[in-house]
Amino acid sequence: MKLLFTLVLALPAFPGLTQTLTNAGATLTVEADATLYVAGGVLNQAGSTLINAGTLHLAGDLTNAGTLTSPGLLLFAGTSTQVFRPGTAAVTAITLHNTGAAGANRLLITEDLVITSLLTLTRGLVRTQEAETGAPLATLRLPDGARVMGEGPGQYVQGRLAVTRSSGSVATGAVDFTNGLVLDSNGQNLGPVTVTRTAGLQAAGVSYGPTVGGTRSIDRLWQVAARQPPRAPVSVSVSWISDDDNGLDFTMPAQLWRAAQASGPWTRQGAPISSSVRRLTADVTQLGVLTVRNTSASRPLTPESRSVGFTAQLYPNPVRGREVPTLLVHTANAGPLSWQLTDALGRTLRSQSAPQPPGPVQCLSVPPTAYHPAST
């Protein structure tokens, strides 16, 4: 009969002294179904081997300069910011449950790392960057079959998170990359697809994109790269958390934007829609970098467009080039509605009289033309 043991290493706690278990040239093995508790950090020096087939429970940092093999679970469960320096290791599963105060409950992953099965967040933030300002940005990579679980406000991956799905899964329906993007290729064989999300860094051209007039997007970008470009439109659904609103007001409709690179230039994709649940779906004909911007920067149709129980907005306003404007009307009560759209010279471009149900209604989508709307 095989006996299983739990080993607890509780190093003496001295004020101002970092507690570290150092492996200096030996082989340290945590067997399957066993748990090694370390009330501090682990340093696996060059020429050393650390094999974790069970659970390695850490209250401090993990630094690997030797050989780290982890088909088991790495559990980061500290009470202040922890650091994982993986070296060249790939690991199977990581769980973050850091009970420190907000801002001090992070796991900093300082080098590129592959997680082959599961990243679980139950408390705290993962950030793919050292704490120092201007430190290089690492990438957390999840191959086909691996996934992220537990992201939410105050509890997600800040930095760069790349998830790959195989050609077979992408061609058979909607595929959730578990990093806030769902892709439906509409039956097209795109080959393997990698979605790299960069989020939470407050960095223009890195984690958010400037759009028309320099207005910023949410603090979240998705770079979608497929081996084969789509021949027909594909459906993309993106979602985000309030942490990445980037100061935007999502009581307003939102728009999906695309660019070839994070620095732009950006073009609209689909039509503006409600984004109150921080989720948006649109068809795109080209992949690339995607983000979301709302229409809170758009101007109302007239200075007095608001009255009791009635609002009206035209966006974009003014219209430039071949942009397609949209008129959104919201009334508290049903009733007849008449409106007229004119250009800056007073010429009527479109008018309509029709019953208006209560709530928001998209009344207008004008063919592209160059004009500056003035009134309703």
Where a residue in region 67-81 is in contact (Cβ under 8 Å) with a residue 12 or more places away in the chain and assigned to a strand (DSSP E or B) and its partner, wherever it lies, is of a type in the set (S, T, N, Q) and surrounded by fewer than 17 Cβ atoms within 10 Å (Cβ to Cβ), with Cβ under 7 Å and at least six apart: 67/49
Selection from region 98-129 of residues that are buried (at least 17 other Cβ atoms within 10 Å of the Cβ) and more than 18 Å from residue 160 (Cα to Cα): 98, 105
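For region 171-201, what are the residues that are part of a loop (DSSP other than H, G, I, E, B) and over 13 Å from the mean Cα position of the chain (by Cα)?
171, 172, 173, 174, 185, 186, 187, 188, 189, 190, 191, 192
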Subset of region 236-253 [crowded, with 16+ Cβ neighbours inside 10 Å, under 14 Å from the mean Cα position of the chain (by Cα) and not in a strand (DSSP E or B)]: 240, 241, 243, 244, 245, 246
Cross-chain or 6+ apart pairs with Cβ under 6 Å, region 154-182 first and buried (at least 21 other Cβ atoms within 10 Å of the Cβ), then small (Gly, Ala, Ser): 158/200; 170/185; 180/239
Residue 29 being in contact with a Lys or Arg (Cβ under 6 Å, 6 or more places away or on another chain) and touching a residue at least 12 places away in the same chain (Cβ under 8 Å): no
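Could you identify the single residue in 39, 146 that is small (Gly, Ala, Ser), at pLDDT 95 or above and buried (at least 17 other Cβ atoms within 10 Å of the Cβ)?
Checking each option against the conditions leaves just 146.
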Test: residue in region 275-283 that is modelled with pLDDT under 90, part of a strand (DSSP E or B), among the hydroxyl-bearing types (Ser, Thr, Tyr) and surrounded by fewer than 17 Cβ atoms within 10 Å (Cβ to Cβ): no
Considering residues of region 184-211 that are hydrophobic (A, V, I, L, M, F, W, C), under 21 Å from residue 266 (Cβ atoms) and modelled with pLDDT of 95 or more only, the residue surrounded by the fewest Cβ atoms within 10 Å (Cβ to Cβ): 199
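Taking region 134-149 on its own, how many of its residues are within 19 Å of residue 175 (Cα to Cα) and either aliphatic (A, V, I, L, M) or part of a strand (DSSP E or B) (or both)?
Qualifying residue count, region 134-149: 6.
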Filter pass, residue 258 being modelled with pLDDT under 90, surrounded by 14 or more Cβ atoms within 10 Å (Cβ to Cβ) and part of a strand (DSSP E or B): no
Residue 101 being in contact with a strand residue (DSSP E or B) (Cβ under 8 Å, 6 or more places away or on another chain) and farther than 29 Å from residue 182 by Cα: no
Within region 99-133, considering residues that are within 22 Å of residue 70 (Cβ to Cβ) and not in a strand (DSSP E or B), the one nearest to the chain's Cα centre (by Cα): 128
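The values are calculated or read from the model by the stated rules, or taken from the named source; none is laboratory data. Since the structure is predicted, the reported quantities are computational estimates derived from the model, not experimental observations. With ideal geometry, Cβ positions are generated from the backbone for all residues, glycine too; neighbour counts draw on all protein chains shown.
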